[in-house]
1. Provide the descending list of Cα extents for the chain along its principal axes, expressed in whole angstroms.
2. Just read off the accessible area of ARG29 with the full protein assembly in place, 1.4 Å probe, to the nearest 10 Å².
3. Under 20 Å from the 7 Å Cα→Cβ point of ARG62, by amide nitrogen: which residues of the range 112-143?
4. What whole-number value in Å² describes the accessible area per residue of the chain for a 1.4 Å probe?
5. With just the Cα atoms defining each centre, how far is the range 6-27 from the range 28-50? Give it in Å.
6. Roughly how many percent of the accessible protein surface of the chain is carbon and sulfur, given a 1.4 Å probe and a whole-percent answer?
7. For LYS140, go through the aspartates and glutamates and keep the ones whose alpha-carbon is under 16 Å away, minus same-chain ones fewer than eight residues off.
8. Sorted by accessible area with a 1.4 angstrom probe, largest first, how do PHE115, PHE128, PHE176 fall?
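The values are calculated or read from the model by the stated rules, or taken from the named source; none is laboratory data. Computed from a predicted structure; not experimentally measured. Backbone-built Cβ (ideal geometry, glycine too); neighbour counts: all protein chains shown. SASA here: full protein model, heavy atoms, side chains in, ligands and nucleic acids out. Shrake-Rupley method; radii C 1.70, N 1.55, O 1.52, S 1.80 Å.
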Amino acid sequence: MRNFKNFILEIAVFFCGAVVMVYELVGSRVLAPYLGNSIYSWTSLIGVILMSLSAGYYLGGRLADRKKASLEILSVYILIAAVFVTITLMLNTPLLYALEMGIRYSTFSLGVATFFAAVLLFAPASFFLGMVTPYTVKLKISSLDHAGQTVGNLYALSTFGSIFGTFAAGYLLIPFLGTSVLLAVLAISLLAVSVLVAPANLKKTFYW
């Protein structure tokens, strides 16, 4: 049973690491039709996602230590990330159109517009995805004798997932699925991982 739990946690860490990079790369395609594909777009996108991940790492670790960590809570974090990816899919067109109009009528500079777009569309989901790995560390550590190895293994697994996601997005997913379909696939996949992590908790979650 313990080995199965660890296997599920490792799948979640790997997959969430992959989703972060796919989400970032597809983000450039989301911004491009309205705000261009300039250095401002990439700087805002990368900077905002890194800031969001850092905040997620910090809060995820704090919450894991505050009370007993559980698979159910981890499942909720992943589920919330799926919800925010869905919001990105639903709101990106009207929001980016409004920012484009703002630039056209000199309300915003391009740098400001791309920063706001990245924060509003990509920060929330990235934040909750960042919470996954430190929270998983808490769930997996059973002895301080192996704490360093556990932390190193999980962050290596998350990074390997990010590498996998980068190549999968660039060579396969974006060219063949396109932006909107890929965002929908990411949201559905995160929902599936949430169910995999703690299926018994989801029914209760919707009544909170």
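1. Taking max minus min along each principal axis of the Cα atoms, the chain gives 59, 36, 35 Å.
2. For ARG29, solvent-accessible area is about 120 Å².
3. 123-139
4. Per-residue accessible area for the chain comes out at 52 Å².
5. Answer, in whole Å: 21.
6. Numbers: 7470 of 10740 Å².
Ligands and nucleic acids excluded, carbon and sulfur give 70 percent.
7. Once the sequence-local aspartates and glutamates are set aside, what remains near LYS140 is GLU10, ASP65, GLU72.
8. Details: PHE115 90, PHE128 40, PHE176 155 Å².
So, going from the largest accessible area down, we get PHE176, PHE115, PHE128.
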